[in-house]
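As structure tokens, the structure follows; a few thoughts come after it.
The values are calculated or read from the model by the stated rules, or taken from the named source; none is laboratory data. Everything quoted here is computed from the prediction, not taken from an experiment. Neighbour counts are summed over all protein chains in view; Cβ atoms, including those assigned to glycine, are modelled from backbone coordinates with ideal geometry. Ligands, DNA and RNA are stripped out before the accessible areas are found, and what is left, the full protein with its side chains, is counted by its heavy atoms. Shrake-Rupley method; radii C 1.70, N 1.55, O 1.52, S 1.80 Å.
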Amino acid sequence: MLVGPALVLIGLFFAIPLAGSLILSLTDFDMYALADIRNARFVGLENYKELLNSPVFWQSLRTTLTFVLLAGPISIGLSFSAALLLTSRTAMARGLFRTIFFAPVVTTVVAVAVVWRYLLDNRLGLLNLALRGIGLSPVDWLGDPHTALFAIVLMTVWKSFGYNMVIFLAGLQNIPVSIIEAAETDGAGYWRRLIHVVVPSLAPTFLFVLVTTAIGYCQLFAEPYVMTEGGPLHSTYSLVMMMHEEGFRWWSLGYAAAIAFTLFLGMLFLTLLQRIVRRSMAR
Amino acid sequence: MKRLITKVLVNSAIVFLAGLTVTPLWWMLVASISPTGEALSGTATWFPRTWTLEHYRKLFQTAHVARFIGNSFFISSTITALALLVNGMAGYAFAKLNFPGRDRLFRCLLLTLLIPTQVTMLPLFLLLRQLNLINSYWAVILPVIASTYGIFLVRQYALSIPDSLLDAARIDGTGEVRMFFGIVLPSLRPILVALGIFTFLASWNDFMWPLIALTDNSMFTLPVALANLSGQYVQDVEMMMAGAVVTVLPVLILFLVAQRHMMGGIITGSLKE
């Protein structure tokens, strides 16, 4: 049967680990269990209780959420603006610029993070040089706990805005020309058309982009891992970083599984929220 | 007049944004061929006054970067080839073959798209450890071959294959397997090309799982090796940039060559909503 191999692979490498994750999170699997599995004990919801009592967990949760709430709107706003610019009737060389805007999306996060780490260098990085050039004082982007997360937001927005831009471009092209022309004959100018016709027509697209982007950003890992190692002072320590450290550095796999599952539940919640909002929009 | 002003504003905005987008990549390239110490010397120029390939030489000789390139290439190519086969078969089956529970099974598969990959990483590690596969290429290859997203894309496209074409072949007595390789695969070429590009890109850029599954330096893929090197050579900006260029260049070229396919795939994937 043609569908066989795919199902076997998915079953083996996805479904089983998924169930395993839930089970793991209910045990105290740690270094000793790694050596001998008989050392693992079933502890029920202990891991989750420990999580809820851990200040590091709450801080990493707050950090992750702050990141999503900052990077999400900025990135989506930029994507939409870029899409609008490219669909303008006066835009030139659209294909070329669409390619340019999308290029960062295909780059490797690690490479980009390494590049940006130097761009954001306090004394000699390009960004601070530019700031000094226009008369502003330089910022210790990656060294200051107050700005480090925002620096990562900046980088992430740069890297990912092209992706949603493509989705918005498709959405904009799918708006029936008749609706826009009707608004034009009614005398509506560009901005009024935008606010009252274009954006409402794109509501499902916005919803989709919002939720998928948020879910993606919740999984923040490579950027802080390479640029700041979660610092300074844990200001860029994301949930997935905590899961990675607990699971693969300290080998507290049970505890880490609880973190992973919590993340999963959060994202499931977001997705369900999207379904509900979309259903009520369709009415 | 108003149109001229709009034209100037819109295009200036576009060019400005494009400049911001390109600058980091351009700096990366320029820094990688700048003499040591110049990249962050505060004397920023758009084109380097002198240029050198010494950092690339160092990368290949001291840091043995060729090994990592080879690892990445082998892993990504294998994943792509196997993924096209496996997901192609499954996508076609879900679209055109009738078997019990087909639609329910497919809906279940779609649900898995909601689940972040990190949830499965921990037990997957334990499972592969049991199978003694940790730190082998297969630890990276096997888990990612079958992809619900890939199956979805292929199925979407396969639905449009005319049944008459398939029925005619069946009446002629062609076996299902012959039919798959002889008729179906060629018909699926466009979506397979798009999927192939995506898969290669995603596997080349993948960081977290290879980081976990590969423990020996010699097995590292480029992204993992680069992250490792950045700890070691943090002072050597130019060399790190050369490493970044080496990592980014192959997929950037792939993208430039195949953009239309890529963007088409993204749009198909999002239109499901």
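Kindly establish whether A:V211 is part of a helix (DSSP H, G or I), within 11 Å of chain B (Cβ to nearest Cβ), under 18 Å from the mean Cα position of the chain (by Cα) and over 25 Å from B:L113 (Cβ atoms).
no
Among the residues of the stretch A:231-242, at least one is surrounded by 16 or more Cβ atoms within 10 Å (Cβ to Cβ), farther than 24 Å from A:G266 by Cβ and within 26 Å of the chain's Cα centre (by Cα).
Looking only at the stretch B:89-148, which residues are among the aromatic types (F, W, Y) and either in a helix (DSSP H, G or I) or crowded, with 16+ Cβ neighbours inside 10 Å (or both)?
Of the stretch B:89-148, the ones among the aromatic types (F, W, Y) are B:92, B:94, B:99, B:106, B:125, B:137-138.
Those that are among the aromatic types (F, W, Y) and either in a helix (DSSP H, G or I) or crowded, with 16+ Cβ neighbours inside 10 Å (or both): B:Y92, B:F94, B:F106, B:F125, B:Y137, B:W138.
Filtered by the rule that a residue be open to solvent by 20 Å² or more (accessible area, probe 1.4 Å) and modelled with pLDDT under 80, the stretch A:12-55 gives A:M31, A:Y32, A:L34, A:A35, A:D36, A:I37, A:R38, A:N39, A:A40. Among residues of the stretch B:155-169 that are more than 13 Å from B:P190 (Cα to Cα), those with a Cβ under 9 angstrom from a residue that is open to solvent by 80 Å² or more (accessible area, probe 1.4 Å), sequence gap 6+ or separate chain, pair up as B:A169/B:R178. Residue count for the stretch A:61-93, restricted to those that are more than 9 Å from chain B (Cβ to nearest Cβ) and open to solvent by 40 Å² or more (accessible area, probe 1.4 Å): 9.
A quick yes/no check of all residues on (1) facing another protein chain (nearest Cβ under 9 Å); (2) crowded, with 21+ Cβ neighbours inside 10 Å; (3) of a type outside the set (S, T, Y); (4) more than 30 Å from B:Q259 (Cα to Cα):
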position	(1), (2), (3), (4)
A:S137	no, no, no, yes
A:A151	no, yes, yes, no
A:Q173	no, no, yes, no
A:I180	no, no, yes, no
A:G189	no, no, yes, yes
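Scanning the stretch B:14-35 for residues being within 9 Å of another protein chain (Cβ to nearest Cβ) and either crowded, with 16+ Cβ neighbours inside 10 Å or not hydrophobic (A, V, I, L, M, F, W, C) (or both) gives a total of 10. Could you list, in sequence order, all residues of the stretch A:220-242 that are in contact (Cβ under 8 Å) with a residue 24 or more places away in the chain, in a loop (DSSP other than H, G, I, E, B) and within 21 Å of A:F261 (Cβ to Cβ)? Correct list: A:L220, A:Y237, A:S238. Residues in the stretch A:186-207 that are within 15 Å of A:A170 (Cα to Cα) and among the aromatic types (F, W, Y): A:F206 only. Scanning the stretch A:132-169 for residues that are farther than 28 Å from A:T213 by Cβ, part of a helix (DSSP H, G or I) and either at pLDDT 85 or above or not charged (D, E, K, R) (or both) gives a single hit, A:G133. Against the numbered list (1) more than 10 Å from chain B (Cβ to nearest Cβ); (2) closer than 17 Å to A:T228 by Cβ, A:K159 comes up short only at (1). Scanning the stretch B:47-87 for residues that are within 14 Å of chain A (Cβ to nearest Cβ) and assigned to a loop (DSSP other than H, G, I, E, B) gives a single hit, B:A63.
Taking A:F97 as the residue in question, decide whether it is more than 10 Å from every other protein chain (Cβ to nearest Cβ) and out of contact with any Asp or Glu (no Cβ under 6 Å at 6 or more places or on another chain). Break it down stepwise before answering.
Working: more than 10 Å from every other protein chain (Cβ to nearest Cβ): no; out of contact with any Asp or Glu (no Cβ under 6 Å at 6 or more places or on another chain): yes.
Taking the combined requirement at face value, the residue does not satisfy it.
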